[in-house]
Amino acid sequence: MSDCLFCRIRDGDIPCAKVYEDDDVLAFKDIHPKAPTHVLVIPKRHVATLADCDDPEMLGRLMDRVRHIADEVLGLQAGYRVVINVREGGGQEVFHLHVHVLGGRKLPF
Ligand code: 5GP
Ligand code: ZN
């Protein structure tokens, strides 16, 4: 069994509130939301951090899916924020690449 939390969520070993899934990505609600809408989008393939990803096509698909999920699935036409925390210094706590999608209120920077 994988010791990666998001691989376990991907595999259905740990439940999540899924909002979108296709062959390449899974999106689910963050368990501690920082905005009215707070969704995590993960690639199904395990990559620990953005800095470890040497596959530009995978990153392109991931960001294309983020755009689709934000607009078409979550209905965030008013706007949203996309965040990727990288390594400990960047605030990353789960070492499976993931994109935070935040929206539903005005977001101060
Ligand atoms: P990071 O700090 O690594 O960029 O973000 C990890 C995120 O995963 C955090 O916002 C945290 O709330 C979320 N998280 C941690 N454990 C779980 C969990 O078991 N389920 C879900 N849905 N989110 C989680
Ligand atoms: Zn993983």
Exercise. Note down the net charge around residue 87, summing +1 for each Lys or Arg and -1 for each Asp or Glu among other residues with Cβ under 11 Å from its Cβ.
Key: -3
Quiz prompt | Per-residue HN-Hα couplings for the range 94-109 [Karplus 6.51, -1.76, 1.60; θ = phi - 60°; Hz; x = Gly/Pro] | solution = 10, 8, 9, 2, 8, 10, 7, 10, 10, x, x, 7, 5, 10, x, 8
Practice problem: Taking every pair of Cα atoms in the chain, average 1/r, invert it to obtain the Kirkwood radius, and report Rg/Rh to two decimals. | Solution: 0.94
Quiz item: Taking the chain as a whole, which cysteines find no other cysteine Cβ under 4.7 angstrom from their Cβ?
Solution: 16, 53
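All of the numbers you see were taken from the coordinates with simple rules; none came from a lab. What you are looking at is a predicted structure, and each value in this text was computed from that prediction instead of being measured. Positions of Cβ are backbone-derived with ideal geometry, glycine not excepted, and every protein chain shown enters the neighbour counts.
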